[in-house]
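Since the structure comes first, as structure tokens, the remarks are kept for the end.
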Amino acid sequence: MAGSDSLRKVRDYIGSMPSLPTTVAKVLEVCNNPKTSPIDLDKVISLDPVLMGRVLKLINSAYYGLQNQITSLVRAIIMLGVNTVKNLALSTAVLDRLADKSGFRALNMEGFWRHCLGVGVVAKLIARKTGVDSQRLDEYFAAGLLHDIGKVPMNNVISDEYVRAMGLADRERIPLYLAEKRAIDTDHAEVGAMIAEAWHLDGPIADCIKYHHAVDVYEGKSRPILLAVIVANWYANREEVGFSGSLYPEKLNPALLDELGISRDWLESIDQAVAAEIEKASVFLKLKS
């Protein structure tokens, strides 16, 4: 009964969350058209001055390290690509809705978002290492950045139950998502999938939110991104990049590394690169200021 009540509270909370801006929905719609041009995307984003300002702030940040200041959005889209700018717009909009310090009661907000940044950064490094097209790198970053968003409602609306779930995970030395399932009758991947559905997210980002603890049952088209996020999540937990709430995550299946085409030695050599990239990517969490 307690689990059902908690799940109802989470569902009600997600149902009452503000939807993503209409502009972002239009951005996703426009970018689903393979014939979309930089001018088409510029016209949509320019309708929302706040979103346009945030995207330009990101483009001109250390995250991209461009030598010259970019003041024209259409030029930025030409330089970075439609897909990259789409993922920047989506990521900033989601964080704007979720990165609220006052709501965090169980997990520490700074530790949680640093973990998410770490997963995004490592997923992007994996993509670069495996030869993914440069215009798709930020799709890997966005998928990693947003993979754990299901934890936010659980923190905000059922914090006492969530603390108990974390305690159960610690006592029994099991992954947090398994403890969530036992204590609350759902887990953060399922809750994240509810958010993705409510906000009409699809594709690789939605898949990584829903399946990053269930790769064995995944049959979609985004397996390389999903594997990168799973490996990046393992790395961030092992190296204690931020804090995901899970002290005893699942062991890494070596077959996933083989499938991605990366080695354990390479993963163990990227610590300095990860730290540097996280500092650059921290601009994502400062966009509301």
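Numerical summary
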| quantity | calculated |
| --- | --- |
| Lone unmet requirement of (1) in contact with a Phe, Trp or Tyr (Cβ under 6 Å, 6 or more places away or on another chain); (2) closer than 23 Å to Ser222 by Cα; (3) small (Gly, Ala, Ser) for Ala106 | (2) |
| Candidates Gly150, Gly131, Gly144, filtered to the one that is buried (at least 23 other Cβ atoms within 10 Å of the Cβ), without any contact (Cβ under 8 Å) to a residue 60 or more places away in the chain and within 26 Å of Ile278 (Cα to Cα) | Gly150 |
| Any hit, region 197-204, residues being modelled with pLDDT of 95 or more, out of contact with any Gly (no Cβ under 7 Å at 6 or more places or on another chain) and farther than 16 Å from Val10 by Cβ | yes |
| Filter result (in contact with a helix residue (DSSP H, G or I) (Cβ under 7 Å, 6 or more places away or on another chain) and part of a helix (DSSP H, G or I)) within region 155-165 | Asn155, Asn156, Val157, Glu161, Tyr162, Arg164, Ala165 |
| Test set (1) small (Gly, Ala, Ser); (2) closer than 30 Å to Leu51 by Cα; (3) under 18 Å from the mean Cα position of the chain (by Cα) - Ala273 fails condition number | (3) |
| Residues of region 79-115 classified as more than 30 Å from Ala169 (Cβ to Cβ), within 15 Å of the chain's Cα centre (by Cα) and among the aliphatic types (A, V, I, L, M), total | 4 |
| Candidate set from region 112-128 (those that are of a type in the set (Lys, Arg) and touching a residue at least 24 places away in the same chain (Cβ under 8 Å)); member that is farthest from Leu260 (Cα to Cα) | Arg114 |
| 1 or more residues surrounded by 20 or more Cβ atoms within 10 Å (Cβ to Cβ) and in contact with a helix residue (DSSP H, G or I) (Cβ under 9 Å, 6 or more places away or on another chain): qualifying helices (runs of 4 or more DSSP H) within region 217-289 | 223-238, 264-267, 271-281 |
| Subset tally (residues that are touching a residue at least 12 places away in the same chain (Cβ under 8 Å) and among the charged types (D, E, K, R)) for region 39-90 | 5 |
| Hits in region 31-51 - residues which are of a type outside the set (Ser, Thr, Tyr) and surrounded by fewer than 18 Cβ atoms within 10 Å (Cβ to Cβ) | Asn32, Asn33, Pro34, Lys35, Ile39, Asp40, Lys43, Leu47, Pro49, Val50 |
| Some residue of region 141-149 being closer than 14 Å to Tyr13 by Cα and at pLDDT 95 or above | yes |
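The values are calculated or read from the model by the stated rules, or taken from the named source; none is laboratory data. Since we're looking at a predicted model, the values are computed, not measured. Note that we place each Cβ from the backbone using ideal geometry, even for glycine, and neighbour counts take in every protein chain shown.
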